[in-house]
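Q: Got a structure for you, questions after.
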Amino acid sequence: MKAIVAVDKNWAIGNKNQLLVRIPDDQKFFREKTTGGVVILGRRTLETFPNGAPLKNRVNIIITTDPNYCVPGAIVVHSIQEALDAAAEYDQDKVFVIGGESVYRQMVDMCDTVYVTRIDYAYEADAFFPNLDVKEEWEMTQISEEQTYFDVVYEFATYRKNPN
């Protein structure tokens, strides 16, 4: 299982239930990695998508505590364990945790790889991803050259969990 996320300098991922910034190449990278696979996300993250609809061309597993929550075209579960059980029948290399903060915090250490778009700016934020740079079990194994989108500087990094 993998995770994919865009973070700022402080590992922030959002503010007031919205992304910090939209970068077309980051969105393209996200689509290329996740299309044809499985995405695991929380209900509030789903509600930030256009029309609150599941992502196309992916199996969407939505985690919510609301027992009556229903999303056409998605698998709705009520715990991290149920999400793992639902994802178990799929190729684990194509299963992606995509947010938000609570889901990331509970599931990141179950992943073997995290794709991080690192944005060189500190935004006002209220949601964060665990800082992999300070976690001994995670190592950055790949980083792209610096990219820019208008005045936003960013890079694509891959972190892998040490097998120990």
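Q: Of all residues in the range 131-164, which are assigned to a loop (DSSP other than H, G, I, E, B), more than 17 Å from Lys2 (Cα to Cα) and open to solvent by 70 Å² or more (accessible area, probe 1.4 Å)?
A: Correct list: Glu136, Glu145, Glu146, Phe150, Asp151, Asn164.
Q: Let me ask another. Report yes if some residue within the range 98-116 is touching a strand residue (DSSP E or B) at 6+ places or on another chain (Cβ under 8 Å) and within 24 Å of Phe150 (Cα to Cα); otherwise report no.
A: Within the range 98-116 (the criterion being touching a strand residue (DSSP E or B) at 6+ places or on another chain (Cβ under 8 Å) and within 24 Å of Phe150 (Cα to Cα)), the answer is yes, since at least one residue qualifies.
Q: Identify, from the list Ile80, Ile62, the residue that is of a type in the set (A, V, I, L, M) and out of contact with any Gly (no Cβ under 8 Å at 6 or more places or on another chain).
A: Answer to the selection: Ile80.
Q: Follow-up question, since we're still on this one. Select from the range 101-126 the residues that are open to solvent by 20 Å² or more (accessible area, probe 1.4 Å) and either of a type in the set (Phe, Trp, Tyr) or touching a helix residue (DSSP H, G or I) at 6+ places or on another chain (Cβ under 6 Å) (or both) and write down the one among them that is nearest to Asp25 (Cα to Cα).
A: That would be Tyr115.
Q: Can you name the number of the only condition in (1) over 23 Å from Asp133 (Cα atoms); (2) within 13 Å of the chain's Cα centre (by Cα); (3) modelled with pLDDT under 95 that Leu19 fails?
A: For Leu19, the failing item is (1).
Q: So, one more: Could you say which residue among Val77, Val38, Val97, Val59 is under 29 Å from Val152 (Cα atoms), of a type in the set (Val, Ile, Thr) and open to solvent by less than 60 Å² (accessible area, probe 1.4 Å)?
A: Answer to the check: Val97.
The values are calculated or read from the model by the stated rules, or taken from the named source; none is laboratory data. Predicted model only: the values in this text are computed from it and were never measured. We place every Cβ from the backbone using ideal geometry, glycine too, and count neighbours over all the protein chains shown. Note: areas computed on protein heavy atoms with side chains; ligands, DNA, RNA excluded. Shrake-Rupley method; radii C 1.70, N 1.55, O 1.52, S 1.80 Å.
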